[in-house]
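My structure is below; once you've seen it, I'll send some questions.
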Amino acid sequence: MFTHRKPWWIGWKMRVFLSVGCIGFALALVFASSAMGQKMRAPKSSTESPIDPKQPMGRSALRQIVQEQCVVNWQEHHNPAPCERVVLADPKNAGSGYAVLAAGGGAHYLLVPTRTMAGIESSELLDPDAPNYFAEAWHARGLISSFLGHDAPRTAVGLAIGIAVSRAQDQFHVNIECLQQDAFRALRTSADNLTDAWSPITIAGSTYQTRRIMGEGLDASNLFELLAGLSPDARHHMGNYTLIVAGMQFKSGPGFALLTGTGPSGEILLDSGCSVAGGGG
């Protein structure tokens, strides 16, 4: 009696299919676990939060919103919408300033240059003639008070730029929010020990280098040059470092704590719920 046998290659293809399927399933589990871990660790201030205007997608969303909507509307109608504000050093030069827009969740705002600029690793940030983006971000902190409906004290406000590998947007931006509770308490406790020299501080289990800056504002300080002065590695690999500024009130007067490190990105020290200033948390 004739017995029909399947060609050898059908069994081979089936084994390959099952093997690939198992590998794919395993990889899917790995990526899903990684994504879940990142989501659990992500700060409330993450720039992966909705950036609302017309819902631009992808890593160029910030640049699209600022350059194609806010600046155009400002130049044509003197209206910064959908941004909160647009400032151009040269009204005819679209790339000569910055915009501030809501990040789409809580008391969280972003200062974004109107020119194309990748991030903290951008060499132009060390140019002495570069705009002082941190100073302008500090000037914009009043938006937090407006959102809360009452004054947010300087000691509650923080600014941060994330590490290059952790960012979700390929356009330089400064996060403007309140400090997270652990950061607020740690800095207040350490205030008397901060000096003009870098020294370590531990916040929420992570160690940062920190130093004091005196003054009401940041207009006279080049924070990127201060970071570059930390070490040769910081100067040549600035994209590996995060940079955080916290408003402080020292015994000798108002100032700031400047923090940096190569560990967790600085946004984790910020809180769009602004609980330290009486926000909803």
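The values are calculated or read from the model by the stated rules, or taken from the named source; none is laboratory data. Note that the coordinates shown come from a computational prediction; the quantities given were computed from them, not determined experimentally. Here Cβ is always computed from backbone atoms with ideal geometry, including for glycine, and neighbour counts include all displayed protein chains. Quick note on the areas: whole protein, heavy atoms, side chains included, nothing else; ligands and nucleic acids left out. Shrake-Rupley method; radii C 1.70, N 1.55, O 1.52, S 1.80 Å.
Just the residues that are open to solvent by 60 Å² or more (accessible area, probe 1.4 Å) and outside any strand (DSSP E or B), please, taken from the stretch 210-219.
Within the stretch 210-219, GLU216, ASP219 qualify.
Can you tell me which residues in the stretch 252-263 are part of a loop (DSSP other than H, G, I, E, B) and either free of Cβ contacts under 8 Å to residues at least 60 places away in the same chain or surrounded by 24 or more Cβ atoms within 10 Å (Cβ to Cβ) (or both)?
Once the filter is applied, which keeps residues that are part of a loop (DSSP other than H, G, I, E, B) and either free of Cβ contacts under 8 Å to residues at least 60 places away in the same chain or surrounded by 24 or more Cβ atoms within 10 Å (Cβ to Cβ) (or both), the stretch 252-263 yields SER252, GLY263.
Quick one: would you say THR189 is touching a strand residue (DSSP E or B) at 6+ places or on another chain (Cβ under 8 Å), on the phi < 0 side of the Ramachandran plot and surrounded by fewer than 22 Cβ atoms within 10 Å (Cβ to Cβ)? Reasoning before the result, please.
Details: touching a strand residue (DSSP E or B) at 6+ places or on another chain (Cβ under 8 Å): no; on the phi < 0 side of the Ramachandran plot: yes; surrounded by fewer than 22 Cβ atoms within 10 Å (Cβ to Cβ): yes.
Judged against the criteria, THR189 is not a match.
Which of the residues that make up the stretch 75-86 are open to solvent by less than 60 Å² (accessible area, probe 1.4 Å) and not small (Gly, Ala, Ser)? Talk me through it step by step, then tell me what you get.
Step one: of the stretch 75-86, the residues open to solvent by less than 60 Å² (accessible area, probe 1.4 Å) are 80-83, 86.
The answer is PRO80, PRO82, CYS83, VAL86.
Another question, if that's okay. If you check MET40, MET57, which single one turns out to be modelled with pLDDT under 90, open to solvent by 90 Å² or more (accessible area, probe 1.4 Å) and either assigned to a loop (DSSP other than H, G, I, E, B) or touching a helix residue (DSSP H, G or I) at 6+ places or on another chain (Cβ under 8 Å) (or both)?
The match here is MET57.
I need a count of the residues in the stretch 153-171 that are closer than 30 Å to ARG59 by Cβ and touching a helix residue (DSSP H, G or I) at 6+ places or on another chain (Cβ under 7 Å). Full working, then the answer.
First, the residues of the stretch 153-171 that are closer than 30 Å to ARG59 by Cβ: 157-171.
Checking the rest, the ones that are also touching a helix residue (DSSP H, G or I) at 6+ places or on another chain (Cβ under 7 Å) come to 157-164, 169, 171.
Residues that pass the stated criteria total 10.
Can you tell me which residue within the stretch 115-157, out of those that are among the basic types (Lys, Arg) and under 24 Å from CYS70 (Cβ atoms), is least open to solvent (accessible area, probe 1.4 Å)? Can you show your working first?
Start the filter on the stretch 115-157 by keeping residues that are among the basic types (Lys, Arg), which leaves 115, 141, 154.
Subset that is under 24 Å from CYS70 (Cβ atoms): 115, 141.
Working: ARG115: 93, ARG141: 71 Å².
Taking the candidates together, the pick is ARG141.
Does VAL86 satisfy being under 22 Å from GLU177 (Cβ atoms), modelled with pLDDT of 95 or more and touching a Lys or Arg at 6+ places or on another chain (Cβ under 6 Å)? Walk me through it before giving the result.
Details: under 22 Å from GLU177 (Cβ atoms): yes; modelled with pLDDT of 95 or more: yes; touching a Lys or Arg at 6+ places or on another chain (Cβ under 6 Å): no.
Judged against the criteria, VAL86 is not a match.
A further question on this structure: Any chance you could count how many residues in the stretch 95-114 are in a loop (DSSP other than H, G, I, E, B), open to solvent by 10 Å² or more (accessible area, probe 1.4 Å) and touching a Phe, Trp or Tyr at 6+ places or on another chain (Cβ under 9 Å)?
First, the residues of the stretch 95-114 that are in a loop (DSSP other than H, G, I, E, B): 95-96, 103-108, 114.
In the following step, the residues that additionally are open to solvent by 10 Å² or more (accessible area, probe 1.4 Å) were identified as 95-96, 104-106.
Next, from what is left, pick out any that are touching a Phe, Trp or Tyr at 6+ places or on another chain (Cβ under 9 Å): 106.
Number satisfying all stated conditions: 1.
Counting just the residues of the stretch 264-278 that are in contact with a Leu (Cβ under 9 Å, 6 or more places away or on another chain) and assigned to a helix (DSSP H, G or I), which one comes out most open to solvent (accessible area, probe 1.4 Å)?
Only one residue tops the list, namely VAL276.
OK, next. Which residue, of LEU259, LEU223, LEU230, LEU218, is modelled with pLDDT of 95 or more and closer than 15 Å to ASP182 by Cβ?
Only one candidate passes the filter, namely LEU259.
While we're on this one: Can ALA228 be described as surrounded by fewer than 20 Cβ atoms within 10 Å (Cβ to Cβ), in contact (Cβ under 8 Å) with a residue 40 or more places away in the chain and in contact with a His (Cβ under 9 Å, 6 or more places away or on another chain)?
Here the answer is yes, as ALA228 does meet what is asked.
Give the stretch 199-208 a look and list any residue that's open to solvent by less than 60 Å² (accessible area, probe 1.4 Å) and out of contact with any Gly (no Cβ under 6 Å at 6 or more places or on another chain), or say none. Explain how you work it out, then say what you get.
Taking the stretch 199-208 first, the residues open to solvent by less than 60 Å² (accessible area, probe 1.4 Å) are 199, 201, 203, 206, 208.
Scanning the stretch 199-208 gives SER199, ILE201, ILE203.
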